[in-house]
Amino acid sequence: MSTVESILLEKGSDVIGLVDTTTVRIAVGKMIEANVGCLIVEANDRAIGIFTERDLLRRVVGEGKDPDTTLISEVMTSPVSSCKPSDEVGECFKTLSASEFRHLLVLDNEEPVGVISLRDVALVLHRAE
């Protein structure tokens, strides 16, 4: 069975983060620039949350919040679900399927080394059929 590490080797292991005092407008600009669907929110050099496109829709737009004044810490998902590079993709699928999350932060010795999505996991599982 494939591991999370194999996904990171294929897609890259960039972790795009921002501090918890960043506004939603700046965060969205960063997401667009990097062409990603989520950002890792950090405080005191550790991951404290994740901000996703779904958070933007539900917690900002859906609630009529101003993206220029709303801080990312007010609308992020916390805590962050995570996995390790050595975890099997099938186990990650079970984790994601059993939750409302679509992304997992990949931690190696508590250090962020990547982010995988439900889509990444589904592609690996589909290829294995």
* Hey, any idea what the orientation-averaged projected area of the convex hull of segment 16-90's Cα atoms comes to, in nm²? -> 5.6
* What angle, in degrees between 0 and 90 and rounded to the nearest 10, separates the Cα long axis of helix 118-128 from the longest principal axis of the Cα atoms of the chain? -> 20
* Which residue fluctuates the most in the chain, going by a Gaussian network model with Cα springs under 10 Å, if the choices are Val61, Val24, Val41? -> Val61
* **Positive-end extreme of charge dipole, segment 55-104 - chosen from Phe93, Gly64, His103 (charges on Cβ)** => Phe93
* To do: Please quote Rg/Rh for segment 6-58 to two decimal places, taking the Kirkwood radius as Rh and restricting both calculations to Cα atoms.
  => 0.99
* **Per-peptide average of other Cβ atoms within 10 Å, ordering 25-31, 3-9 highest first** => 3-9, 25-31
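Given a 1.4 Å probe and every protein chain left where it sits, what share in percent of the accessible area of the chain is carbon and sulfur? List each step's numbers first, then the result.
Numbers: 3720 of 7730 Å².
Whole-percent figure for carbon plus sulfur exposure: 48.
When 1/r is averaged over all different Cα pairs and the result inverted, which Kirkwood radius in Å belongs to segment 57-113? Mind dumping the intermediate values first?
Details: mean 1/r = 0.0749 Å⁻¹.
The answer is 13.3 Å.
Rounded to the nearest whole Å², what accessible area per residue is found for segment 14-129 with the 1.4 Å probe?
Working: 6860 Å² over 116 residues.
Heavy-atom SASA per residue in segment 14-129 reads 59 Å².
For an R0 of 35 angstrom, estimate the FRET efficiency from the Cβ-Cβ distance between Thr21 and Leu125 and round to the nearest 0.05. Mind dumping the intermediate values first?
Working: r = 38 Å, r/R0 = 1.09.
Taking R0 as 35 Å, the efficiency between Thr21 and Leu125 is 0.40.
Which whole-number percent is the relative contact order of segment 1-111 (Cα, under 8 Å, 6+ apart)? The partial results should precede the final answer.
On the way: 145 pairs, mean separation 33.3, N = 111.
This gives 30 percent for segment 1-111.
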* Structure fact -> Between Asp108 and residues 5 or more places away or on another chain, the pairs with built amide H atoms under 5 Å apart involve Val113
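Can you tally the net charge around Glu10? Count Lys and Arg as +1, Asp and Glu as -1, for every other residue whose Cβ sits under 12 Å from the Cβ of Glu10.
Values: positive: Lys11, Arg127; negative: Glu5, Asp120.
The answer is 0.
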* Structure fact -> Comparing Leu105, Leu96, Leu39 in a Gaussian network model of the chain (Cα, 10 Å), the one with the largest mean-square fluctuation is Leu96
* Structure fact -> Yeah, the chain with a ≥ b ≥ c from its alpha-carbon gyration tensor (a/c under 1.5 is rounded, else prolate when a/b outruns b/c, oblate otherwise) is prolate
* To do: Please check which bits of segment 100-128 a label hung off Asp14 would reach, taking the label as a point 7 Å along Cα-to-C-beta and the cut-off as backbone N under 19 Å.
  => 103-107, 112-121
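For Val19, what charge total do you get from the other residues with a beta carbon under 12 Å from its beta carbon, if Lys and Arg give +1 and Asp and Glu give -1? Mind showing how you got there, number by number?
Working: positive: Lys30, Arg46; negative: Asp20, Glu42, Asp45.
So the environment of Val19 carries a net charge of -1.
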* **Reachable lysines, given that their alpha-carbon falls under 26 Å from the alpha-carbon of Lys11 and they are not under 8 places away in the same chain** => Lys30, Lys84, Lys94
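The values are calculated or read from the model by the stated rules, or taken from the named source; none is laboratory data. Remember, predicted model here, so these are calculated numbers, not experimental data. A quick note on method: Cβ atoms are made from the backbone with ideal geometry, for glycine too, and the neighbour counts reach across all protein chains shown. Protein only, heavy atoms only, side chains kept; ligands, DNA and RNA dropped before computing areas. Shrake-Rupley method; radii C 1.70, N 1.55, O 1.52, S 1.80 Å.
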